[in-house]
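A short worksheet on the structure shown next.
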Amino acid sequence: MLSRSEVEHVAALARLELSEEEKELFAQQLREIIEYVNILQELPTDDVPPLVHVVPLKNVWREDEVEEHLEVEEVLSRAPDREERFFRVSRVV
Amino acid sequence: MKYEAVIGLEIHVELKTESKIFCSCRAAFGAEPNTHVCPVCLGLPGTLPVLNRRAVEYAIMAALALNCEITPYCKFDRKNYFYPDLPKNYQISQFDLPLAQNGYLEIDTPSGPKRVGIVRLHLEEDAGKLVHVQSGSSSYALVDYNRAGVPLIEIVSAPDLRSPEEARAYAEKLRQIMLYLGVSDCKMEEGSLRVDANISVRPAGSDVLGVKTEIKNVNSFRSLSRALAYEIERHVACLERGEKIVQETRGWDEERGVTFSMRSKEEAHDYRYFPEPDLPPLVIDAEWVESLRKALPELPDAKRRRFIEEYGLPENAATVLTATPEVADYFEETLKFYPQPRQVANWVMVELARCLNAAGISITASPVKPQALAQLLKLMDAGIISGKIAKDIFEEMFATGKDAESIVKEKGLTQITDEETIRQVVREVIAANPKVVADYKGGKEKALSFLVGQVMKATRGRANPGLVNQLLKEELSRE
Ligand SMILES: [Zn+2]
């Protein structure tokens, strides 16, 4: 069973602020999802290798070559805040 | 009570590829902020990472040199955390299927060689760089994403290290191997080699681990051993007082020489790893591994052994001359033109090393190239210049980049081997130093070396010392 405090923990890790109603709602919804997954858990999968990737591809490479960079002005034009050539963010520690 | 320390190191090494690990941005250090970025490494929506083949090759080479088993089928995972050094809010790393596992590295300790286990080696992308700014009442951070996406390998040792000295030896040896492989420039001051240490103490002989702390932000090997020594003392003092050690991350304050707590509320590391859906698995076949294994350069231990056996060098000289591949190459290159290993070893370790240190440059930038050093040594062997003058000429060569022969010619430094010329000077010296001569005759052997010195001084070091000795004795016995 998924507890309310687990919902709060997951929300904190995802930097989501949830209202009390949302916590209830999402706890209920997540519970249902997990219950459904629990049904899948009943299948015998001992002989099935874990699926790493859904697309049957491997080793998609690029060679070690340098190509065009973005112009710094273009890069920073999308920044919410900047100072000179840096992104500026609020205090982190 | 006697305690023992249990130390494990996590070392991050930036790989020296041209481009980043998942995009074509330049990976080089030192560019203007945010000029080596593109939509992929900025984490813009709709972009896809594509793996740099050379980064994988470098990682495999590093793993092989550290005696690891390569994982034939591995994958990438997302490590999720919120910190502005990561534009995507996750780092592409490897979790349960790292590129390599179960290796070891051998270090020298006072009680002989010791094998230190390597638990795992995995590939990941580096994060951007934050500059913290405090101006007046406002404090904020500036972010440069040039480093975001530079290929990185993380190498995790087993908790096999028992002292700060062993930890330092391990880190230095690891760096040396990476330099030999040429996969990283391993500059701690530029962050291309970063060392974090896990440390705990326990009663000597116990096999239960104590509570550990993690030390971050050591920026030199010396700081690493200092920080560990401090932390060991702190743990022991805590335990002696009956206090509990708090599991936490601690920083190292170089100036005050202390570690300090970095995070008090340790939000349990909950990175919610999951397979990176944008990257297909990485399959490394045995053939590829073998071809890389065959192409590995000679590594430090093997080279040191060979220098001892092939060139008859003493162990400490072999260690010094194999410290970096550049020094070893310089030494062997000089031998091609002047095959006298001990002689060359001395010049490289003493004269050359002194000049390089004084000038603060690396051996590859030495103004005196191997062939030029060989030429100087040949002039000395041929008796054209004396050993004393050779050292002066070497300094001149180092300062001007000129070759030995031109300096000898320009300055008239050729050795004087003409008997009559030297005899003349010898007589003058004897005449000018009657008291010393009397001392010599009275049995004071030391007086002779003073007279030799005077002759050398009068000839500006150019007289052949053997002849000076011989002629002095002759002239003195004649009186
Ligand atoms: Zn990029």
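Subtract the Cα-Cα distance of B:S362 and B:N67 from 0.36 nm times their separation in residues, and report this length gain in nm to one decimal. Before the final figure, lay out each step's value.
Working: separation 295, 0.36 × 295 = 106.20 nm, distance 2.97 nm.
The B:S362-B:N67 span can extend by a further 103.2 nm.
Would you grab the residues whose amide H sits under 5 Å from the one on B:E248? Only those 5+ places off in sequence or on another chain, please, with H modelled 1.01 Å from N.
B:E214
GluC sites (Glu not before Pro), restricted to segment A:11-63: which are DSSP loop and have at most 16 other Cβ atoms within 10 Å?
Those that pass, being in a loop and sparsely packed, are A:E17, A:E42, A:E63.
Just to confirm a number: summing +1 for Lys and Arg and -1 for Asp and Glu over residues other than B:A28 whose beta-carbon lies under 11 angstrom from that of B:A28, what do you get?
So the environment of B:A28 carries a net charge of 0.
I want to check the label-to-label distance for B:E233 and B:E475. Put each point 7 Å from Cα in the C-beta direction and report it in nm to one decimal.
It works out to 6.2 nm between the two label points.
If the convex hull of the alpha-carbon atoms of segment B:9-74 is projected onto planes in all directions, what is the mean projected area in square nanometres? If you can, show how the numbers build up before the last one.
Numbers: hull surface 24.5 nm².
Mean projected area for segment B:9-74: 6.1 nm², to one decimal.
For a quick check: with amide H placed at 1.01 Å from N, whose amide H comes under 5 Å from B:I385's, ignoring anything fewer than 5 positions away on the same chain?
Result for B:I385 returns B:M380, B:Q415.
With no solvent and one equal point scatterer placed on each C-alpha of the protein assembly as shown, evaluate the Debye formula and give log10 I(q)/I(0) for q = 0.07, 0.10 Å⁻¹, two decimals.
Calculated log10 I(q)/I(0) at the listed q: -0.61, -1.02.
Please sort by residue number the trypsin sites (Lys or Arg not before Pro) in segment B:1-47 whose DSSP state is loop and whose Cβ has at most 12 other Cβ atoms within 10 Å.
Those satisfying the criteria are B:K2.
Can you give the FRET efficiency for B:E287 and B:E32, using 1/(1 + (r/R0)^6), R0 = 41 Å, r = Cβ-Cβ distance, to the nearest 0.05?
It comes to 0.45.
Hey, how much of the P(r) for segment B:3-288 falls beyond 31 Å, as a percent of Cα pairs? Walk me through the intermediate numbers first.
Details: 12371 of 40755 pairs.
So the portion of pairs separated by more than 31 Å is 30 percent.
Which ³J(HN,Hα) values, rounded to whole Hz and listed in residue order, are derived for segment A:65-74 from phi using the Karplus coefficients 6.51, -1.76 and 1.60 in 6.51 cos²θ - 1.76 cosθ + 1.60 with θ = phi - 60°, glycine and proline given as x?
Values, residue by residue: 10, 8, 10, 3, 9, 6, 6, 4, 5, 5 Hz.
Assuming R0 = 60 Å, can you tell me the calculated FRET efficiency for the pair B:E420 and A:E63, based on Cβ-Cβ distance, to the nearest 0.05?
0.25
Return the subset of B:K20/B:K88; B:K129/B:K212; B:K129/B:K187 for which the Cα-Cα distance in this structure is over 21 Å, preserving the input order.
With Cα atoms farther than 21 Å apart: B:K129/B:K212.
Straight-line reach only, C-alpha to C-alpha below 20 angstrom: list the aspartates and glutamates that B:K2 could link to, leaving out same-chain residues fewer than 8 apart.
B:D160, B:E165, B:E166, B:D207, B:E231, B:E233, B:E240, B:E243
For an R0 of 41 angstrom, estimate the FRET efficiency from the Cβ-Cβ distance between B:D381 and B:D301 and round to the nearest 0.05.
On the way: r = 33 Å, r/R0 = 0.80.
The pair B:D381/B:D301 has a calculated efficiency of 0.80.
Neighbour counts of other C-beta atoms within 10 Å: give me B:I430, A:I39 arranged from fewest to most.
A:I39, B:I430
Please report, in whole Å³, the volume per residue of the convex hull around the C-alpha atoms of chain B. Before the final figure, lay out the partial values.
Numbers: hull volume 115.9 nm³, N = 479.
For chain B, the hull spanned by Cα atoms encloses 242 Å³ per residue.
Label A:Q41 and A:A12 with points 7 Å out from Cα along Cα→Cβ: what is the distance between them in nm?
2.4 nm
Can you give the calculated 222 nm mean residue ellipticity of chain A, where each DSSP H run of n ≥ 4 adds -39,500 (n - 2.57) and the sum is split over every residue, rounded to the nearest 500 deg cm²/dmol?
So the helix-based figure for chain A works out to -13000 deg cm²/dmol.
Tell me what chain B gives for mean residue ellipticity at 222 nm when only DSSP H runs of n ≥ 4 count, each as -39,500 (n - 2.57), the sum divided by the residue total, rounded to 500 deg cm²/dmol.
Computed ellipticity for chain B at 222 nm equals -12000 deg cm²/dmol.
Can you sort B:L121, A:L51, B:L448 so the residue with the fewest Cβ neighbours within 10 Å comes first? Numbers along the way, then the final one.
Details: B:L121 26, A:L51 7, B:L448 17.
Fewest-to-most ranking of B:L121, A:L51, B:L448: A:L51, B:L448, B:L121.
Which entries in the list B:K303/B:K336; B:K446/B:K473; B:K114/B:K173; A:K58/B:K294 go over 19 Å, if you measure between the two C-alpha atoms of each?
Numbers: B:K303/B:K336 17 Å; B:K446/B:K473 13 Å; B:K114/B:K173 12 Å; A:K58/B:K294 25 Å.
With Cα atoms farther than 19 Å apart: A:K58/B:K294.
Can you list residues whose amide H is under 5 Å from B:L97's amide H, if they're 5+ apart or on another chain and H is modeled 1.01 Å from N?
The answer is B:K75.
Go through segment A:3-11 residue by residue and turn each phi into a ³J(HN,Hα) via Karplus (6.51, -1.76, 1.60, θ = phi - 60°); whole Hz please, and just put x for glycine and proline.
Each residue's phi maps through the Karplus curve to give 8, 4, 5, 5, 4, 5, 5, 4, 5 Hz.
Using the Karplus equation 6.51 cos²θ - 1.76 cosθ + 1.60 (θ = phi - 60°), what ³J(HN,Hα) coupling, rounded to whole Hz, does each residue of segment A:34-51 give in order, writing x for Gly and Pro?
Working through the residues one at a time gives 5, 4, 5, 4, 4, 5, 4, 4, 6, 5, x, 10, 4, 9, 9, x, x, 7 Hz.
No value in this document is a laboratory result; all are computed from the given coordinates. Note that the structure is a prediction, hence the values are computed from the model and not measured. We place every Cβ from the backbone using ideal geometry, glycine too, and count neighbours over all the protein chains shown.
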